[in-house]
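One structure is given here, and the rest of the page talks about it.
The values are calculated or read from the model by the stated rules, or taken from the named source; none is laboratory data. Note that the structure is predicted; figures quoted are calculated from it, not measured. Reconstructed Cβ throughout: ideal geometry from the backbone, glycine too, with neighbour counts over all protein chains shown. Side chains are part of the model used for accessible areas, which takes the heavy atoms of the whole protein and leaves out ligands, DNA and RNA. Shrake-Rupley method; radii C 1.70, N 1.55, O 1.52, S 1.80 Å.
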Amino acid sequence: FILSPEFGDRVNLQSLTRETLAGLEQRLGTKLTWVAVNHYNTEHPHVHVALRGVDARGKPVLLPRELVKQGIREISQQACTRQLGYRSHQDRARAEARETVLTRVTSHDKRLRAVAERLPEGQLRVTPHRAPGLSPSQKEGLRARLTHLRAMRLATPDRHGSWLLAGDFENALPALVE
């Protein structure tokens, strides 16, 4: 698996990895054999972790689905919080700005889905400047995300400040990477 902390450039990846694996051992109730490699070869520093498939007694190590899906992330997030403290408003804004141009489902996309009006032909209509309950910076984030989705041919602006989105735009994002 990969540990890819949001602010990997500010985290001690070696400590993060050791703390995460210790938490994983605690949840599993067994000692794990593992190796890890820190990678700084991309914009986001990250760690590749390989687990040995058997424990110290030679029994298979089985990772429950929920542990893989959420548990490792929770353990790692707690370790990051211990190192860096809680996220500031500035950290949140930076993270959201980075998400604008990603080719995967982001927090912006979840917001788009939440404020969208479903049209009879299956498309979605979003009007960012009228989106209820969002801050001005969140509305600006939606506009920036829609502009990026337009470049991927998943969104089209109309003349009234609204955007039309493909009804299945979240499912189309992973296909664009392949």
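Among the residues of region 57-93, those that are touching a Ser or Thr at 6+ places or on another chain (Cβ under 9 Å) and of a type in the set (Val, Ile, Thr) comprise 61, 72, 75.
Of all residues in region 54-68, those that are touching a strand residue (DSSP E or B) at 6+ places or on another chain (Cβ under 8 Å) and loosely packed, with under 12 Cβ neighbours inside 10 Å total 1. Count of region 1-19 residues, restricted to those that are touching a residue at least 40 places away in the same chain (Cβ under 8 Å), open to solvent by less than 70 Å² (accessible area, probe 1.4 Å) and assigned to a loop (DSSP other than H, G, I, E, B), is 3. Checking each residue in region 40-60 for being farther than 12 Å from residue 76 by Cβ, in contact with a helix residue (DSSP H, G or I) (Cβ under 9 Å, 6 or more places away or on another chain) and at pLDDT 90 or above picks out 40, 45, 51. For region 87-102, how many residues meet the condition of being open to solvent by less than 40 Å² (accessible area, probe 1.4 Å) and not in a helix (DSSP H, G or I)? Going through region 87-102 one residue at a time, the tally reaches 1. Within region 20-28, at least one residue is assigned to a helix (DSSP H, G or I), exposed (fewer than 11 other Cβ atoms within 10 Å of the Cβ) and at pLDDT 90 or above. For residue 69, the stated conditions hold: it is under 16 Å from the mean Cα position of the chain (by Cα) and more than 30 Å from residue 164 (Cβ to Cβ). Evaluate the following for residue 63: is it over 18 Å from the mean Cα position of the chain (by Cα) and in a loop (DSSP other than H, G, I, E, B)? Against the criterion (over 18 Å from the mean Cα position of the chain (by Cα) and in a loop (DSSP other than H, G, I, E, B)), residue 63 qualifies. The residues of region 34-60 that are under 23 Å from residue 6 (Cα atoms) and in a loop (DSSP other than H, G, I, E, B), listed by number, are 40, 41, 42, 43, 44, 45. Tell me yes or no: at least one residue of region 143-159 is touching a strand residue (DSSP E or B) at 6+ places or on another chain (Cβ under 7 Å), part of a loop (DSSP other than H, G, I, E, B) and of a type outside the set (Val, Ile, Thr). Yes: one or more hits.
Looking across region 130-178 at every residue that is at positive phi and either in contact with a helix residue (DSSP H, G or I) (Cβ under 8 Å, 6 or more places away or on another chain) or of a type in the set (Gly, Ala, Ser) (or both), the one that is most open to solvent (accessible area, probe 1.4 Å) is identified as 133. Filtering 84, 102 for residues that are of a type in the set (A, V, I, L, M) and either over 28 Å from residue 19 (Cβ atoms) or at pLDDT 85 or above (or both) leaves a single hit, 84. Against the condition closer than 17 Å to residue 66 by Cα and under 21 Å from the mean Cα position of the chain (by Cα), how does residue 28 come out, does it pass? No: the conditions fail for residue 28. Only one entry in 125, 113 is part of a helix (DSSP H, G or I), among the basic types (Lys, Arg), touching an Asp or Glu at 6+ places or on another chain (Cβ under 8 Å) and more than 21 Å from residue 8 (Cα to Cα), namely 113.
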